[in-house]
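Everything on this sheet refers to the single structure shown next.
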Amino acid sequence: MSPPPTSTISPTIYYWGTPVVLITTENEDGTFDIAPMSSAWWLGNRCMLGLGADSQSTINLIRTKQCVINMADDTMVGAVNALAMTTGSKAVTTATEDMGYLYFKRSQGYQYVKDKFARAGLTPAASNVVRPPRIAECPAQMEAELKGVYDMMGDMDIRGFIALEVMVLQTHVHESIRWVGYPNRIDPDK
Ligand SMILES: Cc1cc2nc3c(=O)[nH]c(=O)nc-3n(C[C@H](O)[C@H](O)[C@H](O)COP(=O)(O)O)c2cc1C
């Protein structure tokens, strides 16, 4: 049997179903932010995070060089939805047209939320080697350090989208996703 034919299309987005991760970072006042995001991919123990430059998480990560990458599972849809359309950036409340993506967020109805843990009903768990807490409900939680910052879309003179390269320092997993008999493996089916 011959393979099925293809059509040429121009998709409006290229999110091919990457899992949602919840990034925790430290705000300037010592409180903590959570950002849901899906543009994350991996190479060895490094993760590349595609983030808006004016997201509070990006600002925090560049300032502190620390974050935790928490992998959400499908029981956490409610928490992720509660975080959608929120930002830890107070500037969204006053953003004007010349403030680019922040203005876009404001016009889309994004709300400033200071305590994202409370908003999402999630539980902070102290990290071992970085200051931002882990999210206890997430089956995998990776404490990580910033190693590189790369501008994206510079060839089009578009500013505001960047890739942040982080290195995992310590990984915590729920027992329920471990591969029985293998000390350092996660069961991919789980
Ligand atoms: C499911 C989901 C996936 C998202 N993926 C991304 C992403 O990959 N990159 C990004 O910059 N924003 C993404 N966002 C939007 C951010 O969560 C949003 O910019 C948020 O304001 C970040 O919070 P912060 O400003 O407190 O850091 C996503 C939101 C949701 C709900």
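Residues to consider are THR18, THR12; find the one that is away from the ligand (no atom under 13 Å from the Cβ) and of a type outside the set (Phe, Trp, Tyr). Even if it seems obvious, please write down each step before you answer.
On the way: THR18 fails: away from the ligand (no atom under 13 Å from the Cβ).
Result: THR12 is the single residue among THR18, THR12 that is away from the ligand (no atom under 13 Å from the Cβ) and of a type outside the set (Phe, Trp, Tyr).
Among the conditions (1) closer than 13 Å to VAL80 by Cα; (2) part of a loop (DSSP other than H, G, I, E, B), ALA35 misses just one, which is (2). In the stretch 144-165, the residue that is modelled with the lowest pLDDT out of those that are assigned to a helix (DSSP H, G or I) and not small (Gly, Ala, Ser) is MET156.
For the stretch 71-141, the helices (runs of 4 or more DSSP H) that sit wholly inside it and include 1 or more residues that are free of Cβ contacts under 8 Å to residues at least 40 places away in the same chain, of a type in the set (Val, Ile, Thr) and within 11 Å of the ligand (Cβ to nearest atom) are 77-83.
Restricting attention to the stretch 115-143, which residues are hydroxyl-bearing (Ser, Thr, Tyr) and at pLDDT below 95? If the condition is that a residue be hydroxyl-bearing (Ser, Thr, Tyr) and at pLDDT below 95, then no residue fits.
Name the residues in the stretch 81-100 that are in contact with a strand residue (DSSP E or B) (Cβ under 8 Å, 6 or more places away or on another chain) and surrounded by fewer than 17 Cβ atoms within 10 Å (Cβ to Cβ), would you? Spell out the reasoning first.
Initially, the stretch 81-100 is screened for residues in contact with a strand residue (DSSP E or B) (Cβ under 8 Å, 6 or more places away or on another chain), giving 83-90, 92-93.
Passing the criteria: ALA84, MET85, LYS90, THR93.
Listed by first and then second residue, the pairs linking a residue in the stretch 169-190 that is in a helix (DSSP H, G or I) to a residue that is β-branched (Val, Ile, Thr) and surrounded by 10 or more Cβ atoms within 10 Å (Cβ to Cβ), with Cβ atoms under 6 Å apart and 6 or more places separating them unless they lie on different chains, are ILE177/ILE186. Within the stretch 109-164, restricting attention to residues that are of a type in the set (Lys, Arg) and over 15 Å from ASN60 (Cα atoms), the residue that is farthest from the chain's Cα centre (by Cα) is ARG159.
The values are calculated or read from the model by the stated rules, or taken from the named source; none is laboratory data. Because the structure is a prediction, the values reported are computed rather than measured. Ideal geometry is used to build each Cβ from the backbone, glycine not excepted, and the neighbour counts take in all protein chains shown.
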